[in-house]
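Reviewing the structure listed below.
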Amino acid sequence: MFSFPYPIKSRQAKEEIFLLKPTAGKERIADLDYIRGFALIGILLVNMPLFSGAEYQTYTGADRVIRLIFDLFVQAKFYTIFSFLFGVGFYLFVSRALVKGYSLNLYKKRITGLLLIGLVHLIFFWKGDILAIYAVSGFLAVPFFRKEPYEIRNWGFVLIGVFLIVFVILPSLMAWTMQPSSGKTDPELMRAFDPEKAEQTIRAFQQLSLWEWVKWRFQYEVLDSFVNQLVVIPNILGLFLLGLYAGKIGLFSNAASYRQPLHRIQIWMAALSLPSLTAIILLYAAGEHAALYNQTFVTVSGFTLGIGYIVTLILLLQNSGVKRWLKPLSAYGQMALTNYLLHTVISVSLFVPGHLYRKIGLRQGVLISVFLTVIQITLSNWWLCHFRFGPAEWAWRCFTYGQLQPLKKSG
C-alpha cells in the first residue's frame, strides 16, 4: 500500500542520488514549508484549549459542536504531519551535511540544540512542549539513516503499530470491558482521573502571578509532563522514519513522478479513516464522547487522516494556481520553530497574568487562534523579506555550526 517505485540498483548509486547538493535559500524544497505552515495552524487550534483552560470546561451548544469537529478533523492529525516532516528534514539535513564533509555529529549537535530549546520551553512555559521529545526521538532515529528505504518504512509501521496497540487500543478495550461508559463530558472525565491535581492546576493558572506560576510548574508539572511524553516515543519515532523514507525515495523533490501511488494512498487513508470518524460521531450522538475509547478513534484517525492530509497537500501543490494561493503559508512554515514558540509566549502572556485561564470557551479560542495565525503569517512574510531565517531558526543554526550565521539579507 505504501510502496513506491524504487528502480535504483546499487547501494552506491543510491547514496549518490540521496546525498543532495548543499542547500541554499533557493534550493529549499518549498512544498515542505507550505505543509509545515498548514500543520502549524492545526497545532495552534489543538493547543488553544490547553492554553486557555477550556479543556476543563463542560462543552455545551456551539462548543460541543466545535469539539466534535476538532476530534474528527484536527485533534492528533497535525502532530502526525509535523512528526512526518521532521523525519524528512532529518534526511535532508544529514544528506546535505555529509556532502559538505560533515559527519553525523553535526546533526547530533543540532538535535542537542533542539533539546535545550525544548527543555526551556517545557520548564518555563508549556507542559505540552513537543520539542524535547522530538529531540529524544531524533537521537533514536540516527541509526536508521543508512538503512535501506524498505527497512526504514517497515520499522516505521512496526513502531506506530506497537504504540497504537499497546498504549491506545488495549487500554481502551480494558476500560470498556471493566466498566460501562461514564457518560461524563470530556472535562469531567479529565478531573475524575486526578481531581485534586486538576483543581490545583486551575487555581495555579487563575490565582498565581507569572513568576509564582513558573515556580509552581517547575515543582508540579515539568517532570510529570516529560515522563508522560516518553510513552509516545514509538509513535513519534515511527512517523520520523516514514518521513525519512519519504526523503530517501525523493517523494518531495520529485513528487510528480509519484502521482499515481499518492492517489492510491489518498484513497486508502480515506477508507481507513471512515470507521474511526464514524465511531466518533456515534459516540457523540450517544452522549459518550468522554469515554476513553473515543480517544482511541481520535488517535487512530490522527494517523490515517494525518497521512491523508500530507498526501493531499503534496498533490495540490503540484498545481501552480493552488501554490500561488497558498503562498503566504510558505513563510509561516519556514519560520515554524519561531512561530511555534510564539504560540506559547503569546498565549501564556494572555491567559496567566490576566487570570483569564478557564474564562473563555472553545469558540473564543478558535477566534483567538485565527487572529493570531493571520498576524503571524503576515509578520513571517514581512520578516523573510528582510532576513534569511526566523529568530529562533537563526539561534538554532548558530548553535549547530558553532558560530554566528548571517541573518540579514544582502542588498
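In this structure, the residue pairs whose Cα-Cα separation is over 27 Å, taken from LYS127/LYS147; LYS323/LYS409; LYS100/LYS409, are LYS127/LYS147. In a GNM of the chain with a 10 Å cut-off on Cα contacts, which of PHE371, PHE124, PHE86 has the highest mean-square fluctuation? Comparing PHE371, PHE124, PHE86 in a Gaussian network model of the chain, the most mobile one is PHE371. Its Cα centre serving as origin, the chain has a Cβ charge dipole (Lys and Arg +1, Asp and Glu -1) of approximately 1520 debye.
Normalised by 2.2 N^0.38 Å, where N counts its residues, the alpha-carbon radius of gyration of the chain equals 0.99. Counting neighbouring Cβ atoms within 10 Å and putting the fewest first, the residues SER380, SER301 line up as SER380, SER301. Sorted fewest first by neighbouring Cβ atoms within 10 angstrom, PHE167, PHE144, PHE389, PHE84 come out as PHE167, PHE144, PHE389, PHE84. Among MET174, MET269, sorting on how many other beta-carbon atoms sit within 10 Å of each Cβ, with the fewest leading, yields MET174, MET269.
Applying the criteria of a DSSP loop state and at most 16 other Cβ atoms within 10 Å to the trypsin sites (Lys or Arg not before Pro) of the range 333-382 yields LYS359. Between ALA286, ALA256, ALA270, the Gaussian network model of the chain with springs among Cα atoms under 10 angstrom shows the greatest mean-square fluctuation at ALA286. In terms of packing, defined here as the mean over residues of other Cβ atoms within 10 angstrom, the peptides 312-319, 44-51 line up highest first as 44-51, 312-319.
Simple spin-label estimate for LEU119 and GLN405 gives 2.2 nm between the two label positions (7 Å along the Cα-to-Cβ direction from each Cα). Can you give the Rg to Rh ratio of the range 231-308, both from alpha-carbon atoms, with Rh computed by the Kirkwood formula? Over the Cα atoms of the range 231-308, Rg/Rh equals 1.09. Summing +1 for each Lys or Arg and -1 for each Asp or Glu among the other residues whose beta-carbon sits under 12 angstrom from that of TRP155 gives 0.
Using the beta-carbon distance between ASN105 and GLN364 and R0 = 60 Å, what value does 1/(1 + (r/R0)^6) give for FRET efficiency, to the nearest 0.05? Computed FRET efficiency for ASN105 and GLN364 comes out at 0.80.
Any read-out appearing in this document is the output of simple, stated calculations on the displayed coordinates, not a laboratory observation. The structure presented is a predicted model; accordingly, all values stated were derived computationally and were not measured. Positions of Cβ are generated from backbone atoms using ideal geometry, with glycine treated the same way; all protein chains shown enter the neighbour counts.
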